[in-house]
1. Once you sort the root eigenvalues of the Cα gyration tensor of the stretch 166-214 as a ≥ b ≥ c, which label holds: rounded (a/c under 1.5), prolate (a/b larger than b/c) or oblate (the other case)?
2. Express as a percent, rounded to the nearest 5, the fraction of DSSP beta bridges in the chain (both residues included) that run antiparallel.
3. What ³J(HN,Hα) values, in whole Hz, does the Karplus curve 6.51 cos²θ - 1.76 cosθ + 1.60 give for the stretch 262-275 when θ = phi - 60°, with x put for Gly and Pro?
4. Would you mind ranking Val82, Val225 by Cβ crowding within 10 Å, fewest neighbours first?
5. Neighbour counts of other C-beta atoms within 10 Å: give me Lys80, Lys89 arranged from fewest to most.
6. Please work out the FRET efficiency for the pair Ser144 and Lys194, using the Cβ-Cβ distance as r and a Förster radius of 25 Å; give the result to the nearest 0.05.
7. Using DSSP to call loops (not H, G, I, E or B), can you name the trypsin sites (Lys or Arg not before Pro) in the stretch 141-230 whose Cβ has at most 16 other Cβ atoms within 10 angstrom?
8. Suppose we keep just the DSSP beta bridges with both residues in the stretch 92-227; what percent of those would be antiparallel, to 5?
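Bear in mind that the values in this text are calculations on the coordinates, not laboratory data. Values in this document were obtained by computation on a predicted structure and should not be read as measured data. Note: ideal-geometry Cβ built from the backbone for every residue, glycine included; neighbour counts use all protein chains shown.
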Amino acid sequence: MSVFEHPEFDGHEHVAYYHDKPTGLKAIIAVHNTNLGPALGGCRMWPYISSQEALTDVLRLSKGMTYKSAMANLKLGGGKSVIIGDPRKHKTDDFMQAMGRFVESFAGTYYTAEDSGISVDDLRAMAKQSQYIAGVDAQYHYNSEVPDGNPAPSTAYGVFVGLQASVKYALNTDLKGIRVAIQGVGHVGYRLAKHLYDSGAELYVTDIFPDGVNRAVADFGATAVSPEAIYSLDVDVIAPCALGASINDETIPQIKAKVIAGAANNQLAREEMGEVLRQRGILYAPDYVINAGGVIDIFHQKMVSSNTALRKHIEQIGTTLCEIYTRASSESCATNRVANAIAEERFQNKG
Ligand code: NAD
């Protein structure tokens with residue numbers, strides 16, 4: 001199947017394949033839309049079983065980045081790159097430099113950053129060959145700490161701000177005494193737990209590994225629950241911070257919470273789940289809106305900015321969510337659909 005007939009093709013501007021014979025690199029870069037600015041999106045390395053599978057991923061993910069950047073008020077478009085291979089076996093400095101040359105060939109219409117299978121060291125190797133590598137030299141931290149290039153602190157702060165705005169909208173209260181269940185206490189989930197604890201929330205946590213859970217119990221007095229029990233807890237908020245598709249046909253009937261607000265990508269198993277949540281009176285914070293702190297961070301690291309500007313930009317996530325909720329309510333429409341509509345208005349009309 002060619003690119004133009006592919007079901008995930010959505011008017012992408014530029015899709016390119018690259019093979020570097022000396023290192024064996026095989027990669028695809030897709031730029032979905034650059035109406036608002038150059039495309040930004042991470043580089044993912046994965047042992048795809050076919051180039052078709054890699055194409056599906058890069059087309060879908062690059063489109064997602066256009067929507068994410070538009071909703072984060074960034075003058076950026078959407079793009080993504082995928083490397084076909086096993087990140088534990090195939091990476092060398094030359095291999096990553098070859099990827100850097102591929103990125104450079106886009107002449108600034110595409111910027112790349114970290115994603116699954118790619119480390120900051122890999123980005124540094126790419127940066128030897130390209131000036132369009134983001135996330136290597138961090139300069140700013142939203143809380144004025146020493147930045148280390150990890151976007152998770154900014155993502156977690158954005159999720160916190162978004163969760164706070166969602167609770168205010170749905171329950172008309174601040175976070176004191178609010179019961180929040182966090183699914184996945186990793187890089188983002190643990191930091192989110194800290195913000196919530198500092199605001200007086202009561203925490204329930206789960207993970208498939210005990211380390212994060214034990215830390216959250218010790219540090220924040222959280223109650224540990226099993227991964228299966230998280231959905232049916234008598235809580236106000238569920239914060240999915242693990243994997244995608246956790247909101248699905250099986251889990252929705254169990255949910256007692258009035259708000260779903262978390263960091264995970266692709267939380268809804270299918271888009272229609274947004275409407276099911278609306279009909280059940282559950283406020284859903286669209287994932288790519290609430291988890292945009294990381295991409296906002298990467299954007300600021302690449303320009304002349306400040307800790308304060310980064311923080312203020314992340315805090316806009318709360319305002320954007322309220323705009324979505326208000327419109328969703330007046331149009332009797334699911335919040336994920338409204339978010340998509342607003343994003344399309346922004347990037348199709350150039351802001
Ligand atoms: P992470 O890998 O550090 O943490 C995820 C945690 O979820 C891990 O501790 C893992 O053990 C746990 N987990 C996995 N399956 C689970 C299950 N079934 N039940 C409970 N726990 C489970 O990842 P992260 O960086 O904290 O990211 C969390 C989510 O947020 C991911 O979906 C990621 O794509 C998304 N996200 C992260 C960032 C970022 O800046 N790190 C930005 C945007 C979106």
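1. Values: a/c = 2.50, a/b = 2.25, b/c = 1.11.
Here the stretch 166-214 falls in the prolate category.
2. 35 percent
3. Per residue, the Karplus-derived 3J(HN,Hα) values read x, 8, 4, 7, 6, 5, 7, 4, 9, 4, 4, 4, x, 5 Hz.
4. Val225, Val82
5. With the fewest neighbours first, Lys80, Lys89 line up as Lys89, Lys80.
6. Numbers: r = 16 Å, r/R0 = 0.65.
E(calc), rounded to 0.05, equals 0.95.
7. Those that pass, being in a loop and sparsely packed, are Lys176.
8. Working: 0 of 8 bridges.
Given both bridge residues lie in the stretch 92-227, the antiparallel proportion sits at roughly 0 percent.
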